[in-house]
Amino acid sequence: THRPVHAGAVVLQVQGLTFSHPGRPVCLDWSACVGAGATLVCGGESSGKTTLLRLLAAELPPSAGSLRLGQVALADAPQAYRRQVFWADPRSPAMDALSVRAWLQGLPAQYSEWNAPALATHLDGFDLHPHLDKGFYMLSTGTRRKVLMAAALASGAPLTLIDEPVAGLDRASIRYLCQALAEAAQAPDRALVVAHYEALDGVPWRAVIELPELD
């Protein structure tokens, strides 16, 4: 059953966010209210999609601006803010030494809304059981992303950030991903922010944030 998202359910407030790579601005005095449901961040290559997710995750410090997640302001309580965010960069080597199973087993302690039955469903849906005892360094691009997305969806994190979800995925996995995102988007108090160059079929996007092309 699909529950309507209440129009006033703002999860993340962004005020005056400014950040540049050397010689290349990503955002300038950007403000937004990100509500419950699924929000698409779209743009071409090198438009800053991943950088924006890293800023929202508080992995990168902005040069100006503020972030508030629910009642928690990043500037006042950075640890409490980060505890409400799921972000795992699919390009990062940070997990390479871990097995998939070991990494997943460490996550419930980090996320108060962790949903073990949901994880089991996503492991089935993405056909990940053959990979659970492999190290991350052994995984293909697509399998690594499927593990991260299974964890993201199961985390229950109020702000769940997913970068380039379909890279390396087969058609069956893309179909499952769209179904899983559509279901997760029904939560009344959870914002899923997905960076991709176009909308995914069947996902009820609440909003679309278009990033300008950068030279």
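Can you find, within the stretch 157-166, the residue that is modelled with the highest pLDDT among those that are open to solvent by less than 20 Å² (accessible area, probe 1.4 Å) and in a loop (DSSP other than H, G, I, E, B)?
Filtering the stretch 157-166 down to residues open to solvent by less than 20 Å² (accessible area, probe 1.4 Å) leaves 157, 159-163, 165.
After this cut, where a residue has to be in a loop (DSSP other than H, G, I, E, B) as well, the list is 157, 165.
Working: A157: 97, P165: 92.
For the stretch 157-166, the residue satisfying everything is A157.
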(request) Kindly indicate the residue of the stretch 167-181 that is buried (at least 19 other Cβ atoms within 10 Å of the Cβ) and under 15 Å from L40 (Cβ atoms) and also nearest to the chain's Cα centre (by Cα) among those meeting that condition. (result) L181
(message) Could you list, ordered by first residue, the pairs with Cβ atoms under 7 Å in which the first is in the stretch 81-102 and closer than 19 Å to K134 by Cβ and the second is open to solvent by 50 Å² or more (accessible area, probe 1.4 Å), at least 6 apart or interchain?
(response) D96/Y137; S99/D133; S99/K134; V100/K134; R101/D133
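Among the candidates L214, L200, single out the residue that is more than 14 Å from M149 (Cα to Cα), touching a Cys at 6+ places or on another chain (Cβ under 7 Å) and either surrounded by fewer than 19 Cβ atoms within 10 Å (Cβ to Cβ) or at pLDDT below 95 (or both).
Being more than 14 Å from M149 (Cα to Cα), touching a Cys at 6+ places or on another chain (Cβ under 7 Å) and either surrounded by fewer than 19 Cβ atoms within 10 Å (Cβ to Cβ) or at pLDDT below 95 (or both) holds for just one of L214, L200, which is L200.
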(request) Tell me which residues, restricted to the stretch 104-153, are closer than 16 Å to R171 by Cα, part of a loop (DSSP other than H, G, I, E, B) and open to solvent by less than 30 Å² (accessible area, probe 1.4 Å). (result) F126, L128
(request) Within the stretch 11-22, count every residue that is open to solvent by 50 Å² or more (accessible area, probe 1.4 Å) and modelled with pLDDT of 85 or more. (result) 3
(message) Restricting to the stretch 23-60, and then to whatever is farther than 16 Å from D163 by Cα and open to solvent by 30 Å² or more (accessible area, probe 1.4 Å), can you tell me which residue is farthest from the chain's Cα centre (by Cα)?
(response) G23
(message) Given the condition closer than 24 Å to G142 by Cβ and surrounded by 13 or more Cβ atoms within 10 Å (Cβ to Cβ), answer yes or no: does some residue in the stretch 66-80 qualify?
(response) no
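The values are calculated or read from the model by the stated rules, or taken from the named source; none is laboratory data. Just so we're clear, the structure is a prediction, and the values are computed from it rather than from any experiment. FYI the Cβ positions are ideal-geometry reconstructions off the backbone, even for glycines, and counts take in every protein chain you see. Remember, those area values only see protein heavy atoms, side chains included, never the ligands or the DNA or RNA. Shrake-Rupley method; radii C 1.70, N 1.55, O 1.52, S 1.80 Å.
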